[in-house]
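Visitor: First, the structure itself, so that you have it in front of you.
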Amino acid sequence: MELINEESASELLQAQTHVWNHIFYFINSMTLKCAVQLGIPDVIQKHGKPMTLSELVSALPIHPSKAQYVHRLMRILVHSGFFSQRNLNGVDNQEAYSLTQSTRLLLKDNPWSVRAHLLFVLDPVLTKPWDCLSTWFQNDDRTAFSVAHEKAPWEYVGQDPRINNLCNEVMARDSILACKLVVNKCKGIFEGVSSLVDVGGGIGTMAKGITEAFPHMDCTVLDLPHVVSDLQGCKNLKYVAGDMFQAVPPAEAILLKWMLHNWSDEDCVKILKRCKQAIMSKGQQKAGKVIIIDMVRENLNGDEGSIETQLFFDLQMMVVVGGMERNEKEWAKLFFDAGFLNYKIHPVLGTRALIELYP
């Protein structure tokens with residue numbers, strides 16, 4: 001047997017730990033999902049102050065035989081930064097749990113909650129394709145999702161009301177926060193715009209936020225029939241069922257929020273060409289612009305956590321819908337291939353950015 005010196009032994013053990021941690025990364029996701037499904041963040045929030053283990057166990061909807069395991073679940077969640085833990089310095093010297101800023105984004109009544117996003121991405125429908133990833137690499141299916149479910153993702157969503165509703169909630173919750181940030185940081189981008197079409201705007205949360213901030217603006221939400229068929233508009237907001245690959249209603253501004261990362265380069269160019277036609281139609285007094293909210297990979301000044309987030313999103317797009325997250329060079333190629341002449345990137349949304357695109 002080959003001898004191992006002290007230096008190589010240390011490197012070997014570090015490498016082993018590195019591999020083990022990546023093998024078990026899914027435990028971080030699944031324990032967080034469990035905590036959300038049990039309502040732990042909401043229980044602690046409702047308690048109104050740091051909550052001891054015994055108080056937490058008594059308040060959770062768990063079987064009595066499982067009470068002994070709650071502290072082990074909480075231990076990994078404290079380590080992951082989703083709960084903080086401190087000693088109460090009382091008679092029993094008990095530890096108590098509090099929420100962190102991250103956990104507050106998982107509360108049911110938080111308007112900016114990402115709870116739905118967690119439950120959507122970690123739903124068996126969305127995790128099954130990952131088990132088919134190596135199979136996908138060896139065949140000609142467009143996505144691993146299609147390998148797993150024998151349907152394209154948009155077809156599947158249209159036929160599964162539960163997943164469709166969860167998907168719509170994800171986009172709606174995200175749009176509440178995105179709209180607040182965009183209106184606050186980039187208000188000038190919308191000033192003077194009298195009409196806007198939100199392409200793939202779902203149930204219209206983003207468009208509603210924009211019309212509230214700019215009541216002079218007429219907004220149209222364009223999405224597939226199964227998304228908008230039962231939705232009712234109001235005085236300056238309407239819904240149109242349609243296909244963005246076929247036509248986009250004319251307007252001074254076209255909004256593409258978290259849309260283009262779902263599609264291949266070829267499909268993105270088709271969508272952008274339709275958007276260009278819409279802002280340069282004969283009914284328009286002047287050529288308008290396209291507003292894109294999406295990730296611009298590598299545009300983060302070396303923030304390792306955010307870079308990893310973007311890489312995770314990129315692989316998620318590849319596996320589920322066949323899309324990708326792009327860097328500035330890749331975005332620019334799409335814009336110029338679609339016939340646009342100029343663009344401006346505003347890195348104001350954390351891992352995402354707002355891009356103005358001009359014909």
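FYI, it's all coordinate maths here, none of it is from the lab. For clarity, every value in this text was computed on a predicted model and none was experimentally measured. Quick reminder, even Gly has a Cβ in these numbers, built from the backbone with ideal geometry, and neighbours come from all protein chains shown.
Visitor: I need the phi-derived Karplus couplings for region 338-347: 6.51 cos²θ - 1.76 cosθ + 1.60, θ = phi - 60°, integer Hz, Gly and Pro marked x.
Guide: 8, x, 7, 10, 8, 8, 9, 9, 10, x
Visitor: Okay, moving on. Taking the Cα centre of the chain as the origin and placing charges on Cβ (Lys, Arg +1; Asp, Glu -1), which of V193, L122, A278 is farthest toward the positive end of the dipole?
Guide: Of V193, L122, A278, it is V193.
Visitor: Amide H of Y97: which non-local residues (sequence gap of 5 or more, or other chain) have their own amide H closer than 5 Å, using H built in the peptide plane?
Guide: Correct list: M51, T52.
Visitor: Please give me, ordered by residue number, the chymotrypsin sites (Phe, Trp or Tyr not before Pro) of region 1-78 that lie in loop per DSSP and have at most 14 other Cβ atoms within 10 Å.
Guide: F24
Visitor: Report, in degrees rounded to the nearest 10, the 0 to 90 angle that the Cα long axis of helix 70-79 makes with the longest principal axis of the chain.
Guide: Tilt of helix 70-79: around 60 degrees.
Visitor: Whole-Hz ³J(HN,Hα) for each residue in region 157-168, computed from phi via Karplus 6.51 cos²θ - 1.76 cosθ + 1.60 with θ = phi - 60°, x for glycine and proline: what do you get?
Guide: Karplus-based 3J(HN,Hα) across region 157-168 equals 4, x, 9, 10, x, 5, 5, 4, 5, 5, 4, 5 Hz.
Visitor: Out of all Cα-Cα pairs in region 210-278, roughly what percent, to the nearest whole number, are more than 20 Å apart?
Guide: Summing the P(r) of region 210-278 above 20 Å gives 33 percent of all pairs.
Visitor: Within 10 Å, count the other beta carbons around each residue, average over each peptide in 41-53, 179-191, and list them highest first.
Guide: The densest-packed peptide leads the list: 41-53, 179-191.
Visitor: Separate question: Can you work out ³J(HN,Hα) from phi for every residue in region 197-213, in order, using Karplus 6.51 cos²θ - 1.76 cosθ + 1.60 and θ = phi - 60°, giving whole Hz and x for Gly and Pro?
Guide: With the stated coefficients, region 197-213 comes to 10, 8, 7, x, x, x, 7, x, 4, 5, 5, 4, x, 5, 5, 5, 6 Hz.
Visitor: Put +1 on the Cβ of each Lys and Arg and -1 on the Cβ of each Asp and Glu in the chain; which of V182, L99, S54 then has its Cα farthest toward the positive end of the dipole?
Guide: Result: V182, furthest along the dipole toward the positive end.
Visitor: For q values of 0.09, 0.12, 0.20 Å⁻¹, compute log₁₀ I(q)/I(0) with the Debye formula on a Cα-only model of region 104-234, without solvent.
Guide: For region 104-234, the Cα-only Debye profile gives -0.35, -0.59, -1.14.
Visitor: Tell me which residues come under 5 Å, amide H to amide H, from F83 once H is placed; ignore anything under 5 positions away on its chain.
Guide: V78
Visitor: Now a separate question. In Å, what Rg and Dmax follow from the Cα atoms of region 54-143?
Guide: Radius of gyration, then largest Cα-Cα span, for region 54-143: 18.8, 65 Å.
Visitor: If you don't mind, there's one more thing I want to ask. Using the alpha-carbon atoms, what tilt in degrees (0 to 90, nearest 10) does helix 304-320 show relative to the longest principal axis of the chain?
Guide: Relative to the chain, helix 304-320 is tipped by roughly 70 degrees.
Visitor: Using the Cα centre as the reference, give the magnitude of the dipole from point charges on the C-beta atoms of region 40-91 (Lys, Arg: +1; Asp, Glu: -1; all else neutral), rounded to the nearest 20 debye.
Guide: Here the size comes out at about 100 debye.
Visitor: When only C-alpha pairs under 8 Å and at least 6 residues apart count, what is the relative contact order of region 108-207, in percent?
Guide: 29 percent
Visitor: I would also like to ask the following. With charges set only on the Cβ (+1 for Lys and Arg, -1 for Asp and Glu), what does the dipole of region 48-134 come to about its Cα centre, in debye to the nearest 20?
Guide: So the dipole magnitude of region 48-134 works out to roughly 60 debye.
Visitor: To the nearest 0.05, what FRET efficiency results for A59 and F24 with a Förster distance of 35 Å applied to their C-beta separation?
Guide: Once rounded, the FRET efficiency stands at 0.75.
Visitor: Among residues other than I210 whose Cβ falls under 12 Å from its Cβ, what is the net charge (Lys/Arg +1, Asp/Glu -1)?
Guide: Taking every Cβ under 12 Å from that of I210, the sum is 0.
Visitor: How many Å³ per residue does the convex hull of the Cα positions in region 206-359 occupy?
Guide: Considering the Cα atoms of region 206-359, their hull volume per residue is 123 Å³.
Visitor: Can I ask one more? Which value, in debye to the nearest 20, gives the size of the charge dipole of region 135-228 about its Cα centre, when Lys and Arg are +1 and Asp and Glu are -1 at the Cβ?
Guide: With only Lys, Arg, Asp and Glu charged at Cβ, the dipole is about 360 debye.
Visitor: E330 to D140: FRET efficiency via 1/(1 + (r/R0)^6), r the Cβ-Cβ distance, R0 30 Å, to the nearest 0.05?
Guide: 0.80
Visitor: What net charge is computed for the residues neighbouring F82, neighbours being all others with C-beta under 12 Å from the C-beta of F82, Lys and Arg scored +1, Asp and Glu -1?
Guide: Neighbour charge sum, excluding F82 itself: +3.
Visitor: Here's something else I'd like to know. Please provide three numbers in whole Å: the alpha-carbon extents of region 1-90 along the principal axes, with the largest listed first.
Guide: Reported extents, whole Å, longest axis first: 58, 30, 23.
Visitor: Relative to the longest principal axis of the chain, what angle (0 to 90°, nearest 10) does the C-alpha long axis of helix 328-337 take?
Guide: Relative to the chain, helix 328-337 is tipped by roughly 30 degrees.
Visitor: Same structure again: Against the globular-protein guess of 2.2 N^0.38 Å, express the Cα radius of gyration of the chain as a ratio, rounded to two decimals.
Guide: Scaled against compact globular proteins, the figure is 1.15.
Visitor: Select from K276, K329, K128 the residue whose mean-square fluctuation is largest in a Gaussian network model of the chain (Cα-Cα springs shorter than 10 Å).
Guide: Among K276, K329, K128, the largest GNM mean-square fluctuation belongs to K329.
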